[in-house]
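The structure appears right after this line, and notes come after that.
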Amino acid sequence: MANTNQILPFGTGAGSNVLDPAVWAALAARQTGFQSGVAQSAAVNTAIRQASFAAAMIAQFTADNGAASVLDDGNLAAFEANFVSALVAAMSAQLGAGSTRYSTDTGAANAMVVTHLTALQDGQILVVNPAATNTGPTVIDVGVAVLGVILNDGATALAGGEIQKNVRILLVYDATLSKWRLINPHGSGGGGGSPVTAVPNGGLAFTALSAGKLALENLPVPAGALSLNDIYAFFSVADNGDRGATLGAILAAAFSAFGLSIGASGYITLPGGLIIQWITGPTDPTSPADGVFYTLNWPLAFPNKLQAALISTSINTATNADVNYEIVNGTTNAKTQVGLTRNLQTGYATVLTGTNAVIIGIGN
């Protein structure tokens, strides 16, 4: 049965004894109210009609869109509640699928209550501030006849801990399943920091808030990927709970691992202990004998081991003679020195002053 409305307009019939709008607008009594004496009936009727006209419209809207009739019984609280219900219902109908509501849960753990909807539509979005942390499968009462079961976005039942007290959740109604999907499940186990699901490739999964901070450290990661704990261990940084300070410590540790010395001889140190060095030399004395052995010092001693060394062929610009240098095992101090011999091109036995090579060493 359709709702009825008992709040009706006054003086709206044909030939009503009311003032023309322009006359009413210019009437002094409209500003001051009627003073002593007899008020003009048409003016009084106009005042009553305008007030009752607006009141009747609100009442009719409430009856048409709400869940109850509007009665002329003086119950202002009931009228207001019905009006709010009608307004929400009308907005739902106008916004349609995908519209978003924010609600505060007034229920309990595993039984949420946000009773202000009158109908459900596919794609309907609810942002809810939960009253309690769930401990298992959860339903939500949104004001329709059937309680709505809440599922993870993967369409599985909640296990507990996915909904945290006072941590807003995003629900989307799935009309095919006739259930609500929880788009942003939080940590399981009531805030212990354990994730609900593994981190998807290329994405992040957030766990429960702990002391106001996102507990990301214990997230499982895909095979071959680095976790935050791996990064902390690599840079020997301890997490003190302050994300800004921890990031600063990581950056400081990262940049401290770089070293640089640029020149004819120099080096670059990289994170993880890798060192790349180079030496320009040796400068040949005048008319050296072929097969001369040289010992050159690395600009920076390798802490562990020289892994590999390369050497260039040098050309004496005065004579165009090729001077070949060869790295030899003439020194046992490979961490600090490199040994090499000079082999002069046949026919150029003299005057090779200033002929240099470049030696590159890689180690750690």
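Numbers for the structure displayed
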| read-out | value |
| --- | --- |
| Complete set of residues in region 144-159 that are buried (at least 17 other Cβ atoms within 10 Å of the Cβ) and not aliphatic (A, V, I, L, M) | G148 |
| Test: V18 is surrounded by fewer than 14 Cβ atoms within 10 Å (Cβ to Cβ) and hydrophobic (A, V, I, L, M, F, W, C) | no |
| Among the residues listed as V146, V139, the single one being modelled with pLDDT of 90 or more, under 12 Å from W180 (Cβ atoms) and over 27 Å from the mean Cα position of the chain (by Cα) | V139 |
| Any hit, region 46-55, residues being under 18 Å from L76 (Cα atoms) and surrounded by fewer than 14 Cβ atoms within 10 Å (Cβ to Cβ) | yes |
| Condition met for T32 (polar (S, T, N, Q) and out of contact with any strand residue (DSSP E or B) (no Cβ under 9 Å at 6 or more places or on another chain)) | yes |
| Residues (surrounded by fewer than 16 Cβ atoms within 10 Å (Cβ to Cβ), farther than 17 Å from V70 by Cα and touching a residue at least 12 places away in the same chain (Cβ under 8 Å)) located in region 1-15 | T12 |
| Enumerated helices (runs of 4 or more DSSP H) restricted to region 1-83, each holding at least 3 residues that are under 30 Å from H116 (Cα atoms) | 41-65 |
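The values are calculated or read from the model by the stated rules, or taken from the named source; none is laboratory data. Because the structure is a prediction, the values reported are computed rather than measured. So basically every Cβ, Gly included, is an ideal-geometry build from the backbone, and we count neighbours across all protein chains shown.
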